[in-house]
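In what follows, a structure is listed as structure tokens, so that the remarks can point back to it.
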Protein chains: 2
Amino acid sequence: MDKTARWVKSRFGYTFAEAGLLAAALTHRSADGPNNERLEFLGDAVLDCVISDIVYRRRPAANEGELSRLRASLVRDATLAEIADALGISDYLILGTGEKKSGGHRRNSIMAGALEAIFGAVYLDAGFAAADRVIRRIYAPLTAELPDSEELKDAKTRLQELVQSDGRALPVYELEKVSGKAHRQTFEVSCSLEADGLRTVGRGLSRRDAEQQAAARMLDKLDPGE
Amino acid sequence: MDKTARWVKSRFGYTFAEAGLLAAALTHRSADGPNNERLEFLGDAVLDCVISDIVYRRRPAANEGELSRLRASLVRDATLAEIADALGISDYLILGTGEKKSGGHRRNSIMAGALEAIFGAVYLDAGFAAADRVIRRIYAPLTAELPDSEELKDAKTRLQELVQSDGRALPVYELEKVSGKAHRQTFEVSCSLEADGLRTVGRGLSRRDAEQQAAARMLDKLDPGE
């Protein structure tokens, strides 16, 4: 058994029947040969399914929105990269020369993609049940204590709920300005609570980001201690 | 066996051990009692996983983008609603009075959601392998002949590929104007091919829609016969 297979056995509790699948899962598209793009596509879907099952059972009273936010927090790139890094994935990644030189083995998207690809490879190698076992084992430290639904809400959602709970009118978001050339545009959005006479402004590289920033600033204004 | 269970047996090839799961899967949130929102969340993920596996195996040469577009075409609400309608789901849906009166049993989102919820219910009732069998059976008419990758590309992608194949500079999209009040804003985006001195304008309720329209108009200009 080679070094990579030993690592997968000890950390994932799994031994590949088809060694080529594991090699492909660890190969970034910057390298030659079969890479992990397709396996990542598959592994992403398998992971979503297993995590959906976990949050569904663990939160019997949560509605669809709460389940979606909880799942999103567990499967987003930053979370995957953190797990992959803790597993020491960097030592086993296969990258092209350019990516290697620029530190690609520590880049979040590359580590996260390779981890998803490993899940996809286990699924192909031995089926859903095997991938399910591996994912639950790898995710155990995170699923042991799931975050609270309230913590996962974004600023716009929290602001809307706060305002509604008081029976006040909903915040109004308005795009105020777009500046810069195509692909580098900056958005400026205002958030107004007319009943309170309050107004904040947010900026971002997308309209969505600008709205979230404006909402976060409004939450600060309403409850500076929060 | 009641009428609904007989329908599921004949069309889905499945008999529920836990009849309550089937009832919940068919219950829209407008009705009283346990509804299908949570089951839809779960079924959506199970469906994505099974369809990912199908497209992965059936298109061994497709890249991640092609696989994603193919999967999206198979799991989007319109496709699900068409399948659900052909299965005669409307006769078995449980809706609140208001939804019933306004024709909710034929609404795409309601039919699609109930079908996904049935997949989720089968998964809970008997596990992944059972849901996998049911989904493959239900999807057989669509997966028998998968659409071509080229057909699934959006206008921006097709324009970019056309321009790149000729070695020309990429199209430049620029947000020209935003009009209207918050939540009802209209976006106007231009698409320019500098080398050709061509420019088109698209409008839409989102920036994305406006860009797609501008790209579609540019494709028309470049090849009016297409």
Those residues of segment A:4-32 which are touching a helix residue (DSSP H, G or I) at 6+ places or on another chain (Cβ under 8 Å), without any contact (Cβ under 8 Å) to a residue 24 or more places away in the chain and among the small types (G, A, S) amount to A:A5, A:A19
One residue is enough: does segment B:37-50 have a residue meeting the conditions in a helix (DSSP H, G or I), in contact (Cβ under 8 Å) with a residue 60 or more places away in the chain, within 13 Å of chain A (Cβ to nearest Cβ) and more than 21 Å from A:D48 (Cβ to Cβ)? no
Checked segment A:142-161 for anything over 19 Å from A:V201 (Cβ atoms) and in contact (Cβ under 8 Å) with a residue 24 or more places away in the chain; matches are A:L142, A:T143, A:L146, A:P147, A:S149, A:L152, A:K153
Inside segment B:128-140, the number of residues satisfying the requirement of being in contact (Cβ under 8 Å) with a residue 40 or more places away in the chain and either outside any helix (DSSP H, G or I) or not aromatic (F, W, Y) (or both) is 9
* To do: Answer yes or no: is there a residue in segment B:68-91 that is in contact with a helix residue (DSSP H, G or I) (Cβ under 6 Å, 6 or more places away or on another chain) and farther than 19 Å from B:L142 by Cβ.
  => yes
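Which members of segment B:176-222 meet the condition of being among the basic types (K, R) and surrounded by fewer than 20 Cβ atoms within 10 Å (Cβ to Cβ)?
First, the residues of segment B:176-222 that are among the basic types (K, R): B:177, B:181, B:184, B:199, B:203, B:207-208, B:217, B:221.
Selection gives B:K177, B:K181, B:R184, B:R199, B:R203, B:R208, B:R217, B:K221.
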Of those in segment B:52-65 that are within 8 Å of chain A (Cβ to nearest Cβ) and part of a helix (DSSP H, G or I), the residue farthest from B:E151 (Cα to Cα) is B:D53
Across segment B:171-206, the tally of residues that are more than 10 Å from chain A (Cβ to nearest Cβ), part of a loop (DSSP other than H, G, I, E, B) and over 28 Å from the mean Cα position of the chain (by Cα) stands at 1
Per the filter on segment B:79-110, residues within 30 Å of B:R59 (Cα to Cα) and not in a helix (DSSP H, G or I) are B:L87
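Residue under question is B:D125, and the condition is that it be in a helix (DSSP H, G or I), among the charged types (D, E, K, R) and crowded, with 17+ Cβ neighbours inside 10 Å; does it hold?
On the way: in a helix (DSSP H, G or I): yes; among the charged types (D, E, K, R): yes; crowded, with 17+ Cβ neighbours inside 10 Å: yes.
Considered against the rule, which asks whether it is in a helix (DSSP H, G or I), among the charged types (D, E, K, R) and crowded, with 17+ Cβ neighbours inside 10 Å, B:D125 comes out as yes.
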Per the filter on segment B:96-107, residues surrounded by fewer than 15 Cβ atoms within 10 Å (Cβ to Cβ) and out of contact with any Asp or Glu (no Cβ under 8 Å at 6 or more places or on another chain) are B:T97, B:G98, B:K101, B:S102, B:G103
B:I110: passes all of (1) within 12 Å of another protein chain (Cβ to nearest Cβ); (2) surrounded by 20 or more Cβ atoms within 10 Å (Cβ to Cβ) but (1)
**Item:** Flag if A:R11 is basic (K, R), assigned by TED's automatic domain parsing to the domain that holds A:A121 and over 25 Å from B:I51 (Cα atoms)
**Value:** yes
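Kindly establish whether B:L93 is within 14 Å of another protein chain (Cβ to nearest Cβ) and either free of Cβ contacts under 8 Å to residues at least 40 places away in the same chain or surrounded by 14 or more Cβ atoms within 10 Å (Cβ to Cβ) (or both). Break it down stepwise before answering.
Details: within 14 Å of another protein chain (Cβ to nearest Cβ): no; either free of Cβ contacts under 8 Å to residues at least 40 places away in the same chain or surrounded by 14 or more Cβ atoms within 10 Å (Cβ to Cβ) (or both): yes.
Spelling it out, it is not the case that B:L93 is within 14 Å of another protein chain (Cβ to nearest Cβ) and either free of Cβ contacts under 8 Å to residues at least 40 places away in the same chain or surrounded by 14 or more Cβ atoms within 10 Å (Cβ to Cβ) (or both).
Of these, A:G113, A:G120, which one is more than 19 Å from A:K9 (Cβ to Cβ) and assigned to a helix (DSSP H, G or I)? Break it down into steps so the answer makes sense when it comes.
Working: A:G120 fails: more than 19 Å from A:K9 (Cβ to Cβ).
It is A:G113.
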Subset of segment B:63-74, residues surrounded by fewer than 19 Cβ atoms within 10 Å (Cβ to Cβ) and of a type in the set (A, V, I, L, M, F, W, C), comes to B:A72
I'd like to check something: does segment A:66-78 contain any residue that is within 14 Å of another protein chain (Cβ to nearest Cβ), among the basic types (K, R) and under 22 Å from B:A61 (Cβ atoms)?
no
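Answer yes or no as to whether B:A24 is within 14 Å of another protein chain (Cβ to nearest Cβ), closer than 18 Å to B:A131 by Cα and either more than 20 Å from the chain's Cα centre (by Cα) or among the hydroxyl-bearing types (S, T, Y) (or both).
On the way: within 14 Å of another protein chain (Cβ to nearest Cβ): yes; closer than 18 Å to B:A131 by Cα: yes; either more than 20 Å from the chain's Cα centre (by Cα) or among the hydroxyl-bearing types (S, T, Y) (or both): yes.
Taking the combined requirement at face value, the residue satisfies it.
The values are calculated or read from the model by the stated rules, or taken from the named source; none is laboratory data. Just so you know, these numbers come straight off a predicted model, no measurement behind them. Here the Cβ is made from the backbone with ideal geometry for all residues, glycine too, and neighbour counts use every protein chain on show.
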